[in-house]
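Chemist: Below you will find the structure I want to go over with you.
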Amino acid sequence: MKPRRSFGRTPRPIGTLGENKSGQKENGSGNGLEADLEANLRAISSLLGNPSDLAVRRLALHGEPQPDIAVVYLASVVQSQEVSLTVIEPLLSLSHVSHEAQGEVAGPLEVLRLSLPTIHSIYEARSLKDLTAALLEGNVAILVDGEPAALYFDAVRPPTRLYQVPTSETTVIGPQIGLVESVDDNLALIRARIRHPRLRVEKHVIGRKSKTDVRLVYIEGVAPREVVDELRRRLSEIDTDLILDTGMLRDLITDRPYSPFVMERMTERPDTVAAEINLGRIAILVEGSPFAMLVPSQFFTLIESAEDYYLNPLSASVLKVLRMFAYMLSVLATPLYVAIVNFHFELVPLPLLLNIAATQEGVPFPLPFAAFITEVVLDIVREAGIRLPRQFGPVVSIFGAVILGQSAVQAGFVPPGLIIVAMMGTICSFAVPRAEKALAYRLIRFPLLLLGSILGFPGITIGAVAFVYHVASLKTLGIPYAALYAPGQTTRLSRKMVKVSARHQPITRPLAQADRVRQGEVPEPRDPKAND
Amino acid sequence: MISSRQLFFTIALARISALLVLLPVVQSGDARQDAWIAVILATAASVVIVYLGTYLASRYPEKSLGHFASDLLGKPMGTIVTCLLALSFYALCLIRTRLMSLVLISHFMRRTPGWALAVPVLLTAMYGAMNGPDTVGRASEFLFTIMIMIIVGALIMSCIWGIDRVGGLRPVLSRGLRPVLAASVPATFLGLVSGLQVLALGRFTVDKRRMTRAAALALIVSGLVLLAVTIDVLTTLGPTQAQMYVTPVLALASSIFIEGTLERLDLVLMASWLLGITFDVTTLLMSSAILIGNSFRLDYRKVAFVLTLLGIVPVSHRFTDIFTMRRLHSIPVTGIWSVVIVAGTLMPVLIAHLLRQRKGGS
Amino acid sequence: MRRVGLLVLVFLMAIGFSGCWDSAEIEEVAIVGSLAIDKGEEGMIVVSLEVINPGALASGTSGAIAESPIVSVMTRDEAYSIPAAISSAQQRTPRRICTGLVNTIVVGQALALEGIGEYIDCFVRNATVRSSAVMTTCDTGAGLLQRPFMFPLPSRTLAGLYSTAPLSGMTKAVTVSEFLAKLSEPGIEPISLHTVGRKTKDVEVKRHGEDIKHTDPAIVREQPTDVYTNLDAELPPGSPLLDPYKESSSGEFVTATTINIGIAAYRGDKLVGFLDDYEARGYLWTVGKVEGGAVEIDDPGGSGKKIALSVIRSSSSIKPVLEQGALRMEVEIHVDLETRQLPMGTVVDSGSFLDALENALNALILREARTTLNKVQKELKTDIYGFGNRVYRTNPKLWAELEPRWNEEVFPDLEVNFTVKSRIRAPGAAYGVSTR
């Protein structure tokens, strides 16, 4: 992989800290490398924020006078074996890097380059910035003491398990790659998407017996520091035996474990992780889990799908509004139906009401009871459909939906209107992008059903206000769950409900400068055939 | 901490729901077709009084009335003055809960006992109040959006599918200004009570400088909404008929129907009103608890809990009925009550503050 | 928080065990589709309810087995008030009577003559009755509900009728709410719909020595039909509605067209007379509420044929003018029309023809408006136009002076000037009709 030169918009560095105005003018050369090896290593390490996966291997070669050589790479991205094979061994076997051997003209770097014939292409970096960029892209750098330049070459490692299509969050368009069980592989996927020196990767080992490798991934300056500190504190204070999955970790760090609202977003999509990290959220990767946990997550992420990043603003907006509507319907459909039919049938147009009343004729159970049973059965069918091996899924659906539903209606056990409404609610719940959340969120329909069948509309209204209060009272890592903004970015409700074109969206800035800056370098649409 | 936007939503939502269904400008007094002028007058009067309240609140940014009244007037006087306002909030909170249950029962659910509606509302209010101003502020954003959407939708429907407009806004002031002034008294009272909650909530507001603007804007926006509703009611039902109804707005909504789609708009409006009333009761309970708590140096959550328990009996007992409620919203009662609040709470504190400022300045 | 949750839960459990007060299973509710009140004996009223049996209406193949083929049942009960009559009906109805879906309220003519204020109050006071229900008078209220109709349910037929009848341009729907608003406003008198069967005999009602007659010649004066006006015939309580299919199989063609809808005028809450067809349109021109319908005029070209135009929209403005102590009303009527049927050889696209047509239309509209105004002013003596209300709005002092003698003295002799401005907006889809 060559160091990528992006076309079109030059990737703008996040944050302006550590950037040198004059350096930018010199076409991205940045701070030059120094002759001192130790200084260079320190500079690289601090620029990357002392990442846990930064590997530095010092070599002392035979002979006299021999310069110190350091081989630097990010262990998570690079294939370590290949480094050993192609660099370390040839270098160790190299007797000496002498000036005389190759003539006066060649410097030690040139000598090194010529003595590593197994590598197909070697590049040279003269600035610290280029070098760190190369490291983040999966290159291995060789630094020599006394030389203000470094060599680097590509050694990206192939994944251990084949990356697969994310099954829990399928999209029609957009990347079709999911996280896997290995933390390093996942980190590679994230690093491939955010190649920025301020991307921080922190390692924690949690679990007395499991000693699970847990990584915090965030962008320094974008993720609020107090949230990071709090999360770090919570992770460090965990005292447990086993961590097998992010779900287990979630339970240990969440603010309100018993709330039906899940305040941590689980995703198996690296593009989602990258996008959310860029908004100031923190990703937690757990060894052995293909799900990343994104904290702090807000209520409105419920209606956000990975696809929204890739669709045009209009369709994404329509879909978001549709999903919100679907969610509300999935919670409210059955309670409202019971309330209307049992209390406020004046609301229904007479022909429709007569149809409802006619179908309910002869049904032995009271409607609230029938509604409760139907909802429970629907959840059972749904659960059974998920748990069964794939081949049995359709069988359960047929049994559940067709035979059970049809014959229950025909036998006059359940009014067909109720079946229609309950089914609609269930289908609506599948329109919510995060299935695992929707299930928990939908639990509130049972109390609402109870209130609706006791007090009608007033009951549902009071219950709804209580739930609004509950959602509003939730806080995750100090950030309000119902806040309309992601931690690093202020957003209005309208921004949450519709997608704004990227050209009108502010670039995420470090919190200190979280003012709304419009995207600077948007290519202005221009008609190439226009005359003037 | 709540933002000034949330303060705006809180006050506007509380005032709209307090005034919407009763529509005291139409109901009490004899303003008839001039009732819409009474809305404007009431809004203007509440803005003036609430401005004084926000002036005080912004001078003591870290304190509520419970703190600075004691500082300015001494411990015993300050406590009395604060409790006057706090108990007004509390009494209104109970009155509103009771009224809501009575209206719902007489209109929609005749067999339901009063406590079955009042107690859940009070408990929900307690839940909200005990979670504090942050929660209430965030909830207000959502609830305000929903309520405004329903009211605006209902107004549009009434324009498209409503019946012929019989009444008109003219003649203007045909019987002098007196009845208009009288009709604006209850509305002023209810508006200023919603606005004076800044004396309790101001402490929790992030941006003190924009607090005054937010409160005034909330009163004005709610005034505009009420103006639109009042005009719609007056022109559709006619002033004489509107005055007869317990809730003119529900009567108006019941005359609108879209054939084959929505047969009863009043049921939908009732649900949204209940949404607002529950929120209104929450803020009143919370403001009252905060003031009492700050005055006696107690945790306001505990105060809210106790107040709720104390309120359950008066809210659900049968010793009040809708006639009592009407009398409580009548012109003399609300007039005296507003004078008591202004002269008994706002003025002493304001004067003491000004005196101290002059002393400090000279 | 856990304590609060526990409290709420206990509370809900308490309610759950004590039963649900207002909850009613829909199949246990007797839905009343329409309601009629008639004059009964000794100051009592007869309340007829159309109680619908939804089970018999079930369409498709649902599991529910209809218990009886009776679609709806009419109950008739006599009492001094509507609530008492309904509770009397409840005694004989196996389900809870619900009046929340009443969409038509029929008032018997005899009762309307005596005043219906207190009965309207009953509907308004009961918030479950929606005030958007249509109000109509009929010679007997119960008779209207018993008529065989196009649809099995009388209430559905009537609701359909009243919502489509305004398209004829000869009537407008009036709701209870509107009736009450006009009743309570100064200077305007209420109207309601008036429904008559074409087969009914000429209605003659005497009141204060005045005769009130249907003046519309279109009403066929015949003997009353069997079920129609026999209020006194023995109708057992809860007797089923006549099966419409049976009725039609007997050879008689029964559709909704057997009904004619006009406008009933009130003074206060008392019925004083009717406006039918063209009279009603004369009234609607004046108040600007003609929503459609066709207008026929003689061909100004002199072919001797009729030209038909359809009304697109109409509006009017009524202004009181006070000149030298004399009050008069200036009424300006605007009507937009388009041509719909023309004699052969007529070309619409000429200024002179259009002018002639518009002039003829103006004259026709003016004549209709005038005729109705004369009848309302001289015969009915009730200000259903709301002229008084205009005076009240623009000149409250003058109104205060005139109000006591408005209906009796001022209104009948009020000078009204009409200005009619009709405009033909379109020729339809063709400019002319081809000739050889």
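Each value in this text was obtained by applying a stated rule to the coordinates, not by laboratory testing. Remember, predicted model here, so these are calculated numbers, not experimental data. All Cβ positions, even for glycine, are placed from backbone atoms using ideal geometry, and neighbour counts span all protein chains on display.
Chemist: In whole Hz and in residue order, list the ³J(HN,Hα) couplings for the stretch B:294-309 that follow from phi through the Karplus curve 6.51 cos²θ - 1.76 cosθ + 1.60, θ = phi - 60°; x for Gly and Pro.
Modeler: 5, 5, 9, 6, 10, 6, 5, 5, 5, 4, 4, 4, 5, 4, 5, 4
Chemist: Work out the FRET efficiency for B:Tyr55 and B:Leu87 from their Cβ-Cβ distance, taking R0 = 41 Å, and round it to the nearest 0.05.
Modeler: 0.95
Chemist: Could I ask something else about it? Between C:Ala426 and B:Val313, what is the FRET efficiency for a Förster distance of 51 Å, r being their Cβ-Cβ separation, to the nearest 0.05?
Modeler: My answer for the efficiency is 0.10.
Chemist: Next question, about the same structure. When each pair of different Cα atoms in the stretch A:313-476 is counted once in the 1/r mean, what is the Kirkwood radius in angstroms, to one decimal?
Modeler: 17.0 Å
Chemist: Given H placed 1.01 Å from N in the peptide plane, which residues other than close sequence neighbours of A:Ala75 have an amide H under 5 Å from its amide H?
Modeler: Answer set, sorted by chain and number: A:Leu54, A:Ala55.
Chemist: Calculate the tail of P(r) for the stretch A:183-297: the fraction of all Cα-Cα distances greater than 18 Å, expressed in %.
Modeler: Across the stretch A:183-297, Cα pairs with separations above 18 Å total 45 percent.
Chemist: Would you work out if the stretch A:248-359 is rounded, prolate or oblate? Take a ≥ b ≥ c from the square roots of the eigenvalues of the alpha-carbon gyration tensor; rounded if a/c is under 1.5, else prolate when a/b is larger than b/c, oblate otherwise.
Modeler: Prolate is the answer for the stretch A:248-359, as a/c is 1.5 or above and a/b outweighs b/c.
Chemist: For the pair C:Ser352 and A:Ser397, how long in nm is the line joining their label points, each one 7 Å along Cα→Cβ?
Modeler: Between C:Ser352 and A:Ser397, the simple spin-label model gives 7.7 nm.
Chemist: May I ask for the distance between the Cα centers of the stretch C:298-366 and the stretch B:294-356, given as a whole number of Å?
Modeler: Result: 66 Å between the Cα centres.
Chemist: Could you check the simple spin-label distance between C:Ala84 and C:Asn374, using points 7 Å along Cα→Cβ, in nm with one decimal?
Modeler: 4.7 nm
Chemist: Another question, if that's okay. Based on alpha-carbon atoms only, what is the radius of gyration of the stretch B:77-212 relative to the globular estimate 2.2 N^0.38 Å?
Modeler: Rounded to two decimals, the normalised Rg is 1.37.
Chemist: Classify the stretch B:13-72: rounded, prolate or oblate, from the alpha-carbon gyration tensor (a ≥ b ≥ c, eigenvalue square roots; a/c under 1.5 rounded; otherwise prolate if a/b is larger than b/c)?
Modeler: prolate
Chemist: Starting at 0 and stepping by 10 Å, how many percent of the alpha carbon pairs of chain B end up in each bin?
Modeler: 6, 26, 34, 23, 9, 2, 0, 0
Chemist: Here is a follow-up. List, in the order given, every pair from C:Lys289/C:Lys378; A:Lys499/B:Lys208; A:Lys209/A:Lys475; C:Lys397/C:Lys421; C:Lys319/C:Lys378; C:Lys306/C:Lys381 whose Cα-Cα distance in the structure shown is over 25 Å. Present the calculation step by step, with values, prior to reporting the outcome.
Modeler: Working: C:Lys289/C:Lys378 23 Å; A:Lys499/B:Lys208 32 Å; A:Lys209/A:Lys475 31 Å; C:Lys397/C:Lys421 32 Å; C:Lys319/C:Lys378 21 Å; C:Lys306/C:Lys381 35 Å.
A:Lys499/B:Lys208; A:Lys209/A:Lys475; C:Lys397/C:Lys421; C:Lys306/C:Lys381, as the Cα separations exceed 25 Å there.
Chemist: Taking θ as phi - 60°, what are the ³J(HN,Hα) couplings along the stretch C:86-92 by the Karplus curve (6.51, -1.76, 1.60), each to the nearest whole Hz, with x for Gly and Pro?
Modeler: In residue order, the calculated couplings are 5, 5, 5, 5, 4, 4, 9 Hz.
Chemist: Given R₀ = 35 Å, FRET efficiency for A:Thr167-A:Ser46 by Cβ-Cβ distance, to 0.05?
Modeler: The value I calculate is 0.30.
Chemist: Next question. Towards the positive end of the charge dipole of the stretch C:278-436, with charges on Cβ (+1 Lys, Arg; -1 Asp, Glu), say which of C:Pro343, C:Leu364, C:Phe387 has the farthest Cα.
Modeler: The Cα lying farthest towards the positive end belongs to C:Pro343.
Chemist: Fully extended, how many nm does the chain gain between A:Arg256 and A:Ala411 (0.36 nm per residue separation, minus their Cα-Cα distance)?
Modeler: Length gained between A:Arg256 and A:Ala411: 51.4 nm.
Chemist: Turning to a different aspect of this structure: Tell me, what are the semi-axes, in whole angstrom and largest first, of the equivalent ellipsoid of the stretch B:1-103 as set by the roots of 5 times the Cα gyration tensor eigenvalues?
Modeler: 29, 17, 15
Chemist: Using the Karplus equation 6.51 cos²θ - 1.76 cosθ + 1.60 (θ = phi - 60°), what ³J(HN,Hα) coupling, rounded to whole Hz, does each residue of the stretch B:228-234 give in order, writing x for Gly and Pro?
Modeler: With coefficients 6.51, -1.76 and 1.60, one gets 4, 5, 4, 5, 4, 5, 4 Hz.
Chemist: Skipping prolines and chain starts, which residues have an amide H placed within reach, meaning under 5 Å, of the one on C:Ser72, given they are 5 or more residues away or on another chain?
Modeler: Placed amide hydrogens put C:Asn53, C:Leu241 under 5 Å from C:Ser72.
Chemist: If eta is 0.890 mPa s and T is 25 °C, what Stokes-Einstein diffusion coefficient results for the stretch A:133-177, Kirkwood Rh from Cα pairs, in µm²/s?
Modeler: Answer, rounded: 178 µm²/s.
Chemist: Give the aspartates and glutamates whose C-alpha is closer than 19 Å to that of B:Lys75, dropping any in the same chain fewer than 8 places away, or say none.
Modeler: Straight-distance partners of B:Lys75: B:Glu62, B:Asp299.
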